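Here, each number is a calculation from the coordinates, and none is a lab measurement. Just so we're clear, the structure is a prediction, and the values are computed from it rather than from any experiment. For neighbour counting, all protein chains shown are included, and Cβ atoms are generated from backbone atoms with ideal geometry for every residue, glycine included.
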Amino acid sequence: MIKKVIFIFVSMLIISCGKESTPKPYGELRLEYPAPKYHKFEPNCLYSFEVSDYAKIYDAKKPCWYYLNYPKMKAKIFLTYYPINNNFADQVAEAEKMVYRHTVKASSIDTKAFQYPERKVYGNFYELKGQTAANIQFYATDSTKHFVTAYLYFNSRPKPDSLAPAVDYIKKDLVHILDTFEWKN
């Protein structure tokens, strides 16, 4: 009797090991963010735009500089304003220097020029791929008086796969900011 049980057990073990096992794939984290609702942000500055209700706005270091915080994503957009005083080329060069200093870690940098002549808003939108500290940057200008820059940072290690849903969400907000950006004079 014991020999029969051992024989059946060994037979089942041999038969069950005939197939290659397939490991289960790792579960993917599904992050869902609320649909954005926008409101006009009109600081006491020379510009305005629409911003998502999901972003919390705080004053930064200087007048007309702001932080747009996304607390649940641990993300922050740092927005700066500079008047142009015969230094337009220097302002553009400085903004591009801030982008291209990430080339050490970036696997690619996608640059898109934009222009809204009816509102006199022109600039470049940069999307940095790879393990960069700033994932999206842009500058907007009227090319004669005003220059605004924005940089998206996360308060975490740069892990492109993990941050991708948040970057995509905030990228849509940044595009909306540019689509609604206006100079006040």
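Below are the figures for this structure:
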quantity	calculated
Subset of the range 32-48 (residues that are under 22 Å from Lys120 (Cβ atoms) and under 18 Å from the mean Cα position of the chain (by Cα))	Tyr38
Residues of the range 35-56 that turn out to be assigned to a loop (DSSP other than H, G, I, E, B) and touching a helix residue (DSSP H, G or I) at 6+ places or on another chain (Cβ under 9 Å), as a count	3
Some residue of the range 34-43 being in contact (Cβ under 8 Å) with a residue 60 or more places away in the chain and under 18 Å from Tyr151 (Cβ atoms)	no
Matching residues, the range 147-167, being buried (at least 19 other Cβ atoms within 10 Å of the Cβ) and either under 13 Å from Val92 (Cβ atoms) or among the basic types (Lys, Arg) (or both)	Phe147, Val148, Thr149
Some residue of the range 142-159 being among the polar types (S, T, N, Q) and assigned to a strand (DSSP E or B)	yes
Search result, residues across the range 67-89 that are in a loop (DSSP other than H, G, I, E, B) and under 14 Å from Gly123 (Cβ atoms)	Ile84
Subset of the range 90-137 that is part of a strand (DSSP E or B), more than 25 Å from Ser48 (Cβ to Cβ) and among the aliphatic types (A, V, I, L, M) - its residue that is nearest to the chain's Cα centre (by Cα)	Leu128
Residue selected from the range 103-135 under the condition of a type in the set (Ser, Thr, Tyr) and under 17 Å from Lys171 (Cα atoms), by the criterion surrounded by the fewest Cβ atoms within 10 Å (Cβ to Cβ)	Ser108
Filter result for the condition that a residue is touching a residue at least 40 places away in the same chain (Cβ under 8 Å) and touching a Leu at 6+ places or on another chain (Cβ under 6 Å), over Ala166, Ala95, Ala150	Ala150
Selection from the range 54-73 of residues that are out of contact with any strand residue (DSSP E or B) (no Cβ under 6 Å at 6 or more places or on another chain) and surrounded by fewer than 20 Cβ atoms within 10 Å (Cβ to Cβ)	Asp59, Lys61, Lys62, Pro63, Pro71, Lys72
